[in-house]
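One structure is given here, and the rest of the page talks about it.
The values are calculated or read from the model by the stated rules, or taken from the named source; none is laboratory data. Every value quoted in this text rests on a predicted model; they were computed, and no experiment measured them. A quick note on method: Cβ atoms are made from the backbone with ideal geometry, for glycine too, and the neighbour counts reach across all protein chains shown.
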Amino acid sequence: MVYSNSPPILKNIEIEGYGRLGMPFKVFLNGYGTIGRRVAYALANDREIEFLGVGKYSVDDRVKEAKDQGFRIFVPEQKMDEFKDKGYDAAGSITDAIKASDLIIDAAKDGLGYENKLNYYLPFNKPAIFQGGEDRYGEHSVADMIHNSRVNYEQAYGKRYVIQGSCNVTGLGRIMQPLIERYGSEIIRFDATLIRRWADLEDKKEVKDSIEWDRDPHHQRDVADFIKSHELYVDVYKVPSRMMHLHQLYVRFKHEPPSRDSILDIFEREWGVALLSSAKGTADVRKKALELGFPFGDTCMVHIHTDVLKAHGDTLKITYSDDQTGIVAPENHMLMQAMLFSRSRREALERTERIFRLNERKRALASEFG
Ligand SMILES: NC(=O)c1ccc[n+]([C@@H]2O[C@H](COP(=O)([O-])OP(=O)(O)OC[C@H]3O[C@@H](n4cnc5c(N)ncnc54)[C@H](OP(=O)(O)O)[C@@H]3O)[C@@H](O)[C@H]2O)c1
């Protein structure tokens with residue numbers, strides 16, 4: 001798929017709180033790593049906003065990648081010479097970009113978003129979206145809301161700081177919310193075991209031969225931030241794999257769970273949820289996404305593995321894989337639309353779908369693994 005970085009189309013609307021009649025909103029992406037490069041894809045393909053460029057902190061191969069895509073690079077003031085010496089002229093400093101922005105999407109390494117908020121976003125009075133590695137609670141909290149486009153999209157209207165839920169938290173919301181909407185009064189509780197990949201495919205870090213547990217998974221608290229009607233209990237294990245996460249969600253009902261067909265029928269109609277019956281593991285799905293030429297090899301979805309969807313007594317067990325790298329990119333695009341335009345969820349979804357084409361990816365995966 002080809003990147004488009006065409007000049008944005010001028011809008012003729014004035015948005016409360018920004019009020020720059022006739023001018024497109026300027027969005028800066030601060031951080032161009034695994035998540036940043038995927039969000040850049042959305043911003044470069046969205047002609048409604050002006051994509052200012054990306055913040056880069058190290059001189060490495062990704063600078064060339066960003067330049068080749070036609071993205072402007074902004075770097076810390078003190079590193080301008082270092083970038084120049086290596087042949088990369090920066091369009092300006094990080095501070096220049098932030099001052100010129102209407103919204104920043106921060107895609108920094110875990111915890112650095114908090115520092116960016118203190119050093120840049122608050123002093124320059126700029127709204128920002130943070131990623132799921134930032135804290136929602138405690139002394140390093142960056143925002144009072146975690147966004148999940150399936151659950152609380154509209155609550156981001158008018159917010160200045162919002163965290164986009166992490167990949168696992170996004171997947172949990174995408175599966176739990178439709179069940180709650182349909183069977184809420186019948187559901188007693190949710191329990192989830194998250195089996196997390198050790199590293200992403202493009203990570204240079206070593207994958208350790210071990211299964212590690214998490215003593216205090218943030219996912220439970222994060223989901224509780226936007227799903228308040230039902231409790232979710234989470235255990236998390238990290239395994240030596242680079243190929244997606246796998247979640248086992250146990251849904252306990254007051255009586256017998258609904259039929260398998262009614263569950264499948266619900267998710268067949270859900271955006272960003274694929275139903276697969278013949279994949280044998282997460283690598284099958286990731287490799288197929290790469291083979292099918294999906295941008296970055298991402299499905300941007302969760303995939304319910306219907307061959308292991310089961311009911312026992314009062315409990316329904318749903319096993320689904322979660323595309324850790326891709327799933328949050330369309331979510332950031334949705335959240336940006338809520339914060340900049342207070343647009344209806346339906347319209348935002350249509351626009352996000354035009355860029356990411358999840359329905360097409362869903363059909364392609366279903367025909368391979370259906
Ligand atoms: N990886 C996933 O699967 C995943 C999924 C969902 C959410 N997330 C969350 O997304 C965020 C980013 O994760 P990632 O996996 O993309 O990390 P990453 O690949 O390590 O990329 C982080 C980027 O942060 C940049 N950076 C360094 N200092 C910065 C600063 N002060 N401000 C802004 N950027 C700075 C680095 O730039 P240089 O390379 O130029 O030094 C690096 O490219 C984290 O909150 C993470 O929890 C990750």
For segment 214-317, give me every one of the strands (runs of 3 or more DSSP E) that falls completely inside it and has 2 or more residues that are modelled with pLDDT of 95 or more and either of a type in the set (Gly, Ala, Ser) or closer than 21 Å to Val169 by Cα (or both). 232-239, 245-253, 273-276, 302-305
Residue in segment 20-37 that is modelled with the lowest pLDDT, counting only those that are more than 9 Å from the ligand (Cβ to nearest atom) and of a type in the set (Lys, Arg): Arg20
Of all strands (runs of 3 or more DSSP E) fully inside segment 105-210, the set with 1 or more residues that are away from the ligand (no atom under 16 Å from the Cβ) and either surrounded by fewer than 14 Cβ atoms within 10 Å (Cβ to Cβ) or of a type outside the set (Phe, Trp, Tyr) (or both) is 187-197
Name the residues in segment 81-104 that are in a helix (DSSP H, G or I), in contact with a Phe, Trp or Tyr (Cβ under 8 Å, 6 or more places away or on another chain) and more than 10 Å from the ligand (Cβ to nearest atom), would you? Thr95, Asp96, Ala97, Ile98, Lys99, Ala100
Members of segment 335-360 found to be within 16 Å of the ligand (Cβ to nearest atom) and either under 19 Å from Leu275 (Cβ atoms) or surrounded by fewer than 24 Cβ atoms within 10 Å (Cβ to Cβ) (or both), listed by number: Phe356
Condition first: in a loop (DSSP other than H, G, I, E, B), polar (S, T, N, Q) and crowded, with 19+ Cβ neighbours inside 10 Å. Can you find one or more residues in segment 50-63 that meet it? no
How many residues does segment 262-280 hold that are within 22 Å of the chain's Cα centre (by Cα) and surrounded by fewer than 18 Cβ atoms within 10 Å (Cβ to Cβ)? 3
